[in-house]
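Visitor: Got a structure for you, questions after.
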Amino acid sequence: MIGLNPFDFKEGEVLLFDKALGDSSFAVVNRARGIIKRKLKVKNIKVGHAGTLDPLATGLLVICTGKKTKTITSIQDAEKEYTGTITLGGTTPSYDLESEIDQTFPTEHITEEMIREAAESFIGVYDQMPPIFSAKQVDGKRAYELARKGKEVKLNPKRITIREFEITEIRNNENLEVDFRVSCSKGTYIRSLAHDLGKALNSGGHLSALRRTRIGKYSVEDAITTAQFQFLLFGDES
């Protein structure tokens with residue numbers, strides 16, 4: 001990406017950002033748009049992202065400008081790769097750390113072999129139930145809006161594909177933590193995969209860390225922060 005400077009934002013650029021923990025995708029887009037507007041000295045320019053990342057996730061956020069915003073759909077449709085950690089022995093309503101643990105389960109029976117076999121069983125096509133704390137539309141409202149109000153949320157499973165589900169490390173300290181790398185189709189909820197892995201092990205599980213490392217041909221290794229982006233365009237200027 002650095003080699004693309006100078007940029008042609010109006011004609012269109014595909015920019016790769018490494019989103020920090022706690023940032024929303026919307027905030028990163030807003031920051032990038034502000035930097036670009038300042039550089040071009042314009043009031044507005046088309047800027048959009050190709051796939052939301054939750055605030056609790058880090059990693060690759062692809063942002064398109066100008067005419068390249070027309071490619072957003074094709075980028076969103078590409079295979080995604082993630083790394084992260086699943087904590088076994090407890091579930092949360094959101095399937096991640098956005099909400100508190102609501103149920104605990106035994107983990108003493110779980111062996112490394114069981115974890116690896118369970119992960120392998122998800123490879124291929126399966127019908128995945130989205131989390132109720134998701135952006136899915138239910139009667140014209142986002143599911144998470146209803147869930148946060150304590151209302152019942154009914155969602156339908158979605159057919160997704162897991163091409164790889166590799167267990168990279170297992171730690172049994174205070175909690176049973178499983179590090180992973182997964183390659184999957186558009187629409188896959190890694191939070192749901194964490195929850196489903198816990199169920200497959202006759203226990204519970206939730207996602208405790210997530211990082212998106214790839215979308216199609218784009219890698220987080222080529223991504224920069226918005227602060228670095230600003231420095232690229234303005235150097236030492238404040």
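Visitor: Give the residue, chosen from G84, G89, that is touching a Pro at 6+ places or on another chain (Cβ under 8 Å), crowded, with 19+ Cβ neighbours inside 10 Å and under 30 Å from G205 (Cα atoms).
Guide: G89
Visitor: Here's a check for you: in region 169-212, which residue that is among the aliphatic types (A, V, I, L, M) and more than 19 Å from the chain's Cα centre (by Cα) is surrounded by the most Cβ atoms within 10 Å (Cβ to Cβ)?
Guide: Checking each candidate, the answer is L201.
Visitor: Between T85, T71, which is part of a strand (DSSP E or B), within 25 Å of V182 (Cβ to Cβ) and either among the polar types (S, T, N, Q) or modelled with pLDDT under 95 (or both)?
Guide: T85 is the lone residue from the list that is part of a strand (DSSP E or B), within 25 Å of V182 (Cβ to Cβ) and either among the polar types (S, T, N, Q) or modelled with pLDDT under 95 (or both).
Visitor: If a residue must be farther than 20 Å from F26 by Cβ and either in a strand (DSSP E or B) or of a type outside the set (A, V, I, L, M, F, W, C) (or both), how many such residues does region 188-227 contain?
Guide: Counting residues in region 188-227 that are farther than 20 Å from F26 by Cβ and either in a strand (DSSP E or B) or of a type outside the set (A, V, I, L, M, F, W, C) (or both) gives 21.
Visitor: Continuing with this model, one more query. Could you check region 51-65 and list, in sequence order, the residues that are under 23 Å from E13 (Cβ atoms) and either modelled with pLDDT under 95 or touching a Ser or Thr at 6+ places or on another chain (Cβ under 7 Å) (or both)?
Guide: Of everything in region 51-65, those that are under 23 Å from E13 (Cβ atoms) and either modelled with pLDDT under 95 or touching a Ser or Thr at 6+ places or on another chain (Cβ under 7 Å) (or both) turn out to be G51, T52, L53, G59, L60, L61, C64.
Visitor: Which is over 14 Å from the mean Cα position of the chain (by Cα) and not assigned by TED's automatic domain parsing to the domain that holds I63, of E166, E221?
Guide: Just a single option satisfies the conditions, and that option is E166.
Visitor: Could you tell me whether any residue of region 26-39 is part of a loop (DSSP other than H, G, I, E, B) and either assigned by TED's automatic domain parsing to the domain that holds I162 or under 28 Å from T188 (Cα atoms) (or both)? Quick ask: steps written out before the conclusion?
Guide: Of the residues in region 26-39, the ones part of a loop (DSSP other than H, G, I, E, B) are none.
Among the residues of region 26-39, not one is part of a loop (DSSP other than H, G, I, E, B) and either assigned by TED's automatic domain parsing to the domain that holds I162 or under 28 Å from T188 (Cα atoms) (or both), which makes the answer no.
The values are calculated or read from the model by the stated rules, or taken from the named source; none is laboratory data. None of the values given here were measured: they were computed from a predicted structure. Because the Cβ atoms are built from the backbone with ideal geometry, glycine has one as well, and the counts that use them run over all protein chains shown.
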